[in-house]
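**Q** Okay, here's the structure, questions in a sec.
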Amino acid sequence: MEEGLVSVDRFCAGSQAYFLTHLHQDHTRGLASAGGWRQGPLYCSPTTARLLPTRFPGIDASLLHPLAPGASASLSLSSLTSDRPLSLRVTAIPALHCPGSLMYLFRGDLGCMLYTGDFRWELGCDRARRAKQALLEALGGDTVDLLYLDNTYCHPSLNFPPRPVVAEQMVNIIRAHPDHEVIIGVDTLGKEDLLLHISRALQTKIWVWPQRLLTIHLLGIDENHEIFTTQTSLTRIRAVPRYSVTIESLEALNTVCPTIGIVPSGIPWLLKSSEGKAKPKGRLPAKSVRCKGRDEGLIEMDFDPLSPPKLFDKDSYTLPYSEHACFSELEDFMRTVRPSTVVGIVSTSFCYVNPRHHFRHLCSDNDDGTPIKNKGGDTDNLTPKRRQNGSATPEERKVRISSSSLYRSKVTKKRKEGCGARINDTEELVSVA
């Protein structure tokens, strides 16, 4: 593979600049290379830069370039095939996925590309409105030639309530179980607003594991130690690593004292075969769609996230508190951006949906306005339009997208191979892998 120019959420040698959207594990693969990160300048949000040394102690801090939401930076790159200089300007846009998460808008000699990373801009949310305005101002009327879109929940049946609504549902569940211990499955970063809401509504502390508490304090949350604790005797509510919330673990806890488990996530999966027989225990059910999955035949998932919370198994609840955009939010985003073309950052999954299948009519490269056939794991050849500054005609530049993959944990389907893009320069080819 030819050496690249810019890599986003893809950390291997060969690029001249690297960008990290946020600090979830599926987006950081390669940062933990032997000896620490030494490959080149790494751009991220100030929040991510503050957290990085705790996750990757060997990282060279001098290579970190914090880029605040709304801020821009100019990059001077060099074509490795022609030695000509290349100019690129990148603007950071709030993604509202987890603390420190960013989108990146690239403009310059390579055209105009927007990489959303994981994001959720909820309809009617003030922060989302401000983020949208920041993006439109950064575009300045230009067209996005190529949009990399978070297609995690890119299906019309996947529409979730706003996060504050689901947070209140969780409070009600906990109130309805006053004599129970409560465990809540969370990631190592994210859903801090949910935990804060629960604590304030119920006037109680929440237990977290020590590394999680360090992250919370580095985020500037609860610096007076009034909300979060590592002492189990001070509260009946515990936020635990999401992978540890299984039906088996809940059964074991209930032999000691009454306990309920809550998984706040868009899709905690219970897979069913086409005959309707449930797969082995240990997974929680969720809403999804009838779709064809790899090696599994037809899959049905039958929890409606817009319905009231349901009890799955005897001690476990799952609620659609999602930090990824649902379908209606993706559609609104597409209507705002109206790119020339779009590809999903999750290019291969158990239940893959090509965003162009649903949104091609919102792309300017669509000739007939009709959806295209959906193919999981395919390779798309895409051609950004000519820019006003004279760059990238369809004949001069082509973009190639290659696939990544996912895995399913005991609690939920998670991405294993990180999303990510790599922009390479050749005489006539820009390759994005």
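**Q** Filter region 76-100 down to residues that are among the β-branched types (Val, Ile, Thr), buried (at least 16 other Cβ atoms within 10 Å of the Cβ) and touching a residue at least 60 places away in the same chain (Cβ under 8 Å), then give me how many there are.
**A** Here the count works out to 1.
**Q** Considering every residue within region 101-113, establish whether at least one is among the hydrophobic types (A, V, I, L, M, F, W, C) and open to solvent by 40 Å² or more (accessible area, probe 1.4 Å).
**A** Checked region 101-113: no residue is among the hydrophobic types (A, V, I, L, M, F, W, C) and open to solvent by 40 Å² or more (accessible area, probe 1.4 Å).
**Q** Over 19 Å from Gln16 (Cβ atoms), modelled with pLDDT of 95 or more and either open to solvent by 50 Å² or more (accessible area, probe 1.4 Å) or outside the structural domain of Ser265 (by the TED database) (or both): which single residue out of Ala49, Ala73 fits that description?
**A** Being over 19 Å from Gln16 (Cβ atoms), modelled with pLDDT of 95 or more and either open to solvent by 50 Å² or more (accessible area, probe 1.4 Å) or outside the structural domain of Ser265 (by the TED database) (or both) holds for just one of Ala49, Ala73, which is Ala49.
**Q** I'd like the full set of residues that are modelled with pLDDT of 95 or more and among the aliphatic types (A, V, I, L, M), limited to region 99-122.
**A** If the condition is that a residue be modelled with pLDDT of 95 or more and among the aliphatic types (A, V, I, L, M), then Leu102, Met103, Leu105, Met113, Leu114 are the ones that fit.
**Q** Ala68: part of a helix (DSSP H, G or I) and at pLDDT 90 or above, yes or no?
**A** Details: part of a helix (DSSP H, G or I): no; at pLDDT 90 or above: yes.
No; evaluated as a whole, the condition is false for this residue.
**Q** Another question about this same structure. With modelled with pLDDT under 75, open to solvent by 30 Å² or more (accessible area, probe 1.4 Å) and within 19 Å of Cys154 (Cα to Cα) as the only criterion, which of Arg294, Arg338 stands out? So that I can check it myself, show each step before the final result.
**A** Numbers: Arg338 fails: modelled with pLDDT under 75.
Checking each option against the conditions leaves just Arg294.
**Q** Taking only region 114-128 into account, find how many residues are open to solvent by 10 Å² or more (accessible area, probe 1.4 Å) and hydrophobic (A, V, I, L, M, F, W, C). Walk me through it before giving the result.
**A** Of all residues in region 114-128, those open to solvent by 10 Å² or more (accessible area, probe 1.4 Å) come to 121-127.
Imposing the further condition that a residue be hydrophobic (A, V, I, L, M, F, W, C) reduces the set to 121, 123, 125.
Number satisfying all stated conditions: 3.
**Q** Okay, next question. Which residues, counting only those in region 13-31, are under 20 Å from the mean Cα position of the chain (by Cα) and open to solvent by 30 Å² or more (accessible area, probe 1.4 Å)? Step through it out loud before you land on a result.
**A** Taking region 13-31 as the starting set, the residues that turn out to be under 20 Å from the mean Cα position of the chain (by Cα) are 18-31.
Once the filter is applied, which keeps residues that are under 20 Å from the mean Cα position of the chain (by Cα) and open to solvent by 30 Å² or more (accessible area, probe 1.4 Å), region 13-31 yields Gln25, Arg29, Gly30.
**Q** Filter region 230-271 for residues that are part of a strand (DSSP E or B) and open to solvent by 10 Å² or more (accessible area, probe 1.4 Å); which is farthest from Asp150 (Cα to Cα)?
**A** Among those that are part of a strand (DSSP E or B) and open to solvent by 10 Å² or more (accessible area, probe 1.4 Å), it is Arg238.
**Q** Which of the numbered conditions does Ser199 fail, given that it passes all the others? Conditions: (1) touching a strand residue (DSSP E or B) at 6+ places or on another chain (Cβ under 6 Å); (2) not in a helix (DSSP H, G or I).
**A** (2) is the only condition that Ser199 fails.
The values are calculated or read from the model by the stated rules, or taken from the named source; none is laboratory data. Note that this is a predicted model, so its numbers are computed, not measured. We place every Cβ from the backbone using ideal geometry, glycine too, and count neighbours over all the protein chains shown. Only protein heavy atoms, including side chains, enter the accessible area calculation; ligands, DNA and RNA are left aside. Shrake-Rupley method; radii C 1.70, N 1.55, O 1.52, S 1.80 Å.
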